[in-house]
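K.L.:
What follows is a structure written as structure tokens; I'll ask about it next.
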Amino acid sequence: MFIKRLAISAFFFLFSTTALAEPFSVTWTDTLGAPIEPPYIAGQTVTVTIVLDNGSSDAISQTWTESDIVSVTYLLNNGAIETVFSGSPQLNAGGGSFVTDGSGALSAVPSAWGSFTLDAPVVTSNDPQGGSAIRWIINGGNWIYRNFSSGIAPPPAINAPRASAVNVASNITVAGWSDPVPVNPVTPPGPGPAPAATAIPSMPVYGLLLTALGLLISAGWQFRRSTNSRG
């Protein structure tokens, strides 16, 4: 009976040491403003939501770098224009990270994220300018979104439609962003089913199995020794 109980305990030990990876999202909202060109409208809202996944299952004392980006969603003109970028390939101008403290609240945010000189990978967009060549920038200044899909030459050309924000500097401040909230399940930016959560062991599975086996062997040896001493 003792061995049976220990075997059950070892089983639960094995599975209690695994955790499910969970993505988290952070959001920045502001009002569109100069420099700005049509079809983007000054005075209307812009919302940027970044989904991040570093393999952790909670938001406490975490760091998310640009390599942890799952998707970036821009909602412009009060949400009428929506463009979703994927997190891959990597950014060409990454600086800083999203960091949380022991309570799960943001304690630091990036100083420069975005695709400054390369078109970002667009997954889906209803932007009337097209969705083949768009860039996004979070750096506390300049424009935050620019569309080169109409074939206009890249900067320094100034006639490619762009949008900035009234309080653009707030997108590199902790106060400007929402604290991370879980995204479950992961909502893919394009059509298709959401991927299932993946079990992430806190140590290699073979290590857990060896630990459980060691507990069983040790218990068996002690049980046999106890039986022999009584005999």
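Derivation of every value follows stated rules applied to the coordinates shown; laboratory data play no part. Predicted model only: the values in this text are computed from it and were never measured. Neighbour counts are summed over all protein chains in view; Cβ atoms, including those assigned to glycine, are modelled from backbone coordinates with ideal geometry.
K.L.:
Can you bin the stretch 32-100 into rounded, prolate or oblate? Criterion: square roots of the alpha carbon gyration tensor eigenvalues sorted a ≥ b ≥ c, rounded for a/c under 1.5, prolate for a/b above b/c, oblate for the rest. Could you put the intermediate results ahead of the total?
P.N.:
On the way: a/c = 2.41, a/b = 2.14, b/c = 1.12.
Note, shape of the stretch 32-100 comes out prolate.
K.L.:
Can you give the relative contact order of the stretch 22-182 as a percent, counting alpha carbon pairs under 8 Å and 6+ residues apart?
P.N.:
Details: 429 pairs, mean separation 41.2, N = 161.
In percent, rounded to a whole number, it is 26.
K.L.:
Right, next: Kirkwood hydrodynamic radius of the stretch 22-182 from all distinct Cα pairs, in Å? Before the final figure, lay out the partial values.
P.N.:
On the way: mean 1/r = 0.0639 Å⁻¹.
For the stretch 22-182, the Kirkwood estimate is 15.7 Å.
K.L.:
Cut-off 12 Å, label point 7 angstrom out along Cα-to-Cβ of SER107: give me the residues of the stretch 54-73 whose amide nitrogen falls inside.
P.N.:
Label zone hits: 60-63.
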